[in-house]
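J.: If you scroll down you'll find the structure; I have some questions about it.
The values are calculated or read from the model by the stated rules, or taken from the named source; none is laboratory data. Bear in mind the structure is a predicted one, so any value in this text is a computation, not a measurement. Backbone-built Cβ (ideal geometry, glycine too); neighbour counts: all protein chains shown. Accessible surface areas use protein heavy atoms only, side chains included; no ligands, DNA or RNA. Shrake-Rupley method; radii C 1.70, N 1.55, O 1.52, S 1.80 Å.
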Amino acid sequence: MKNLSLIAYLDLKESIRAKWFIVYSLVFGGLIALFFIAGVTESQVMGFSGLSRLLLMYIQITIVILPIFILITTVRSISGDRDNHILEYMLSFPISLKHYYWGKIIGRFITVYLPVLFAMVIAIIFGAIKGAAIPWSIFFLYTGLLFSLSSTFLGIAFFISSFVKSSEVALGIAFFIWIFLLAFIDIALISLMLQQRMNEGVILFIALINPMELFRVAAISLFDPELTVMGPVAFYILDLMSQGIFVLVAIGYPLLLGLMFATFGFVIFKKKDLV
């Protein structure tokens, strides 16, 4: 455990010193500041007002920004160390591959998750100062959703980094995965599939195994338990499971998916030529 925590600490320090971490933190912190400056908490749209509306806007923007930030900044973790000969140097110490790999994941997860969480905490603090009602249940559920989404794309990024030797190729693959998953959120794609007379259950299954789409629907369900904004699709989802169970699935499934990809990445990392 000492070696594991040491690798995590070193990766955390390296990430904090990097310029991307400053930009990453400013993006999410700046979003919250921009929402307050624009008076989002003092307006009302479709029944949403105060911090509830701010969190809704924040989470909808996060669904697009967070995955690509995690993929781009993480996908070079191992391949970058290999290119710079840092991996060879690190393994010259009495550190096992297991400690190195999982220590890097723990350190990087803290780096990518804390700025997103702190931005929401800042929103809650400022909202409380202004006297706004604090939706604690939504805040904690969003915390869980962001935790699971971060885990998914962190696992995918380390999976890619474990078998790709070139950092440029790793970045290209990461960007392709982000575009591919983002495309399934597009309603036009779902409409095209419906025109081909495919079974509705198959269409919904394809859409909801996408962690980004599952995250989006779960986030909407916290404000709109009946999913009225989604139209007829809501009937299929709500007939299949209740809103509470759906949110639990939206948290548990991405967590398992991220752990699965991270484990596959570790298996590949152990078997491939390290340098």
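J.: Which lysines have a Cα lying under 21 Å from the Cα of K104, excluding residues fewer than 8 positions away in the same chain?
T.: K104 reaches K2, K13, K19, K165, K270, K271, K272.
J.: May I ask you to evaluate 6.51 cos²θ - 1.76 cosθ + 1.60, the Karplus curve with θ = phi - 60°, for each residue of the range 58-70 and list the ³J(HN,Hα) values in order in whole Hz, giving x for glycine and proline?
T.: Once rounded to whole Hz, the list reads 4, 6, 5, 6, 4, 4, 8, 7, 4, x, 5, 5, 5.
J.: Return the sequence-ordered ³J(HN,Hα) values of the range 102-119 in whole Hz as given by the Karplus equation 6.51 cos²θ - 1.76 cosθ + 1.60 applied to θ = phi - 60°, using x for Gly and Pro.
T.: Once θ is set to phi - 60°, the couplings for the range 102-119 become 6, x, 4, 5, 4, x, 5, 5, 4, 5, 7, 8, 4, x, 5, 5, 5, 4 Hz.
J.: Please work out, to two decimal places, the log10 of the ratio I(q)/I(0) at q = 0.20, 0.21, 0.22 Å⁻¹ from a Debye calculation in which every Cα of the range 71-130 carries one identical scatterer.
T.: -0.80, -0.85, -0.90
J.: Now a separate question. Hey, if we sort W178, W20 by accessible area with the 1.4 Å probe, largest down, what's the order? Please list the in-between numbers first.
T.: Details: W178 35, W20 60 Å².
My answer, sorted largest first, is W20, W178.
J.: Hey, another quick one. If Lys and Arg each add +1 and Asp and Glu each add -1, what is the summed charge of the other residues whose beta carbon sits under 13 Å from the beta carbon of E14? Don't skip to the end; give the middle numbers.
T.: Details: positive: K13, R17, K19, R76, K104, R108; negative: D11, D81.
Combined, the nearby Lys, Arg, Asp and Glu give +4.
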